[in-house]
Amino acid sequence: MPRGLYYIGVVFGTCYSQCLFLAVAILTMNKFDRHILDYLVANARLSNAEIARQIGLSRTAVANRIRKLEKQGVIQGYYAQLQQSDNSVSAYFHLNFSHGSCEDLVAQIAIISQVRECQSAIGDIDMIIYAQAQSLEEMEEVRLQLEKLPRLTSITTKAVYKKLLSR
């Protein structure tokens, strides 16, 4: 099984001690924890018994380790990944704002049903939004809604041509 990448997504304005706790939790993982995460990233529906067989631990030990990783916030949820229809369109929007916190805008962005992810960024852009729509026209509506956000100074759309890797 290939090794996965483990990282912490830090959003500005969150509690420093919580971010530090997550960093310590990830740094203190041993090889069994990393193997469990590798298997769950590849297939979150694997049973504890199957993971236990693959890594050489008991089912109870695997269940306890998964519970610990969930409690520490390393595992934050399990999701179904849906196949996009052939006609659907995906895009990333890069947004910049004049001032203030991006977190203040999340509630307004969350009501746009096509938005799948919203991330604060460091560098030449302030926020990255990933959206999926059923047509180019619908994606244009998403962009028009985003253009109405307060303090927006620029928006760039990056249409996805083809997904090459998804985990």
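Whenever a residue of segment 111-127 is in contact (Cβ under 8 Å) with a residue 40 or more places away in the chain, its partners that are in a loop (DSSP other than H, G, I, E, B) and not acidic (Asp, Glu), lying with C-beta atoms within less than 9 angstrom and at least six residues away or across chains, give the pairs 119/9; 119/11; 120/9; 120/10; 120/11; 120/12; 120/13; 120/101.
Among residues of segment 109-131 being assigned to a loop (DSSP other than H, G, I, E, B) and touching a strand residue (DSSP E or B) at 6+ places or on another chain (Cβ under 7 Å), the one that is modelled with the lowest pLDDT is 121. Whenever a residue of segment 138-150 is β-branched (Val, Ile, Thr), its partners that are buried (at least 16 other Cβ atoms within 10 Å of the Cβ) and outside any loop (DSSP other than H, G, I, E, B), lying with C-beta atoms within less than 7 angstrom and at least six residues away or across chains, give the pairs 142/131; 142/133.
Taking residue 59, is it under 30 Å from residue 39 (Cβ atoms) and either touching a helix residue (DSSP H, G or I) at 6+ places or on another chain (Cβ under 9 Å) or hydroxyl-bearing (Ser, Thr, Tyr) (or both)? So residue 59 passes the test.
Quick check on segment 88-110: of everything there that is touching a residue at least 12 places away in the same chain (Cβ under 8 Å) and of a type in the set (Gly, Ala, Ser), which residue is farthest from residue 152 (Cα to Cα)?
Narrowing segment 88-110 to residues touching a residue at least 12 places away in the same chain (Cβ under 8 Å): 88-103, 105-106, 108-109.
Now narrow it down to the ones that are of a type in the set (Gly, Ala, Ser): 88, 90-91, 98, 100-101.
Numbers: 88: 27, 90: 22, 91: 18, 98: 6, 100: 11, 101: 12 Å.
Out of the qualifying residues, it is 88.
Just so you know, in segment 35-54 the residues that are among the β-branched types (Val, Ile, Thr) and either part of a loop (DSSP other than H, G, I, E, B) or crowded, with 18+ Cβ neighbours inside 10 Å (or both) include one that is nearest to the chain's Cα centre (by Cα), and it is 36. Whether a residue is hydrophobic (A, V, I, L, M, F, W, C), on the phi < 0 side of the Ramachandran plot and within 15 Å of the chain's Cα centre (by Cα) was assessed, and residue 115 passes this test.
The values are calculated or read from the model by the stated rules, or taken from the named source; none is laboratory data. The structure presented is a predicted model; accordingly, all values stated were derived computationally and were not measured. Neighbour counts run over all protein chains shown; Cβ positions are idealised from the backbone, glycine included.
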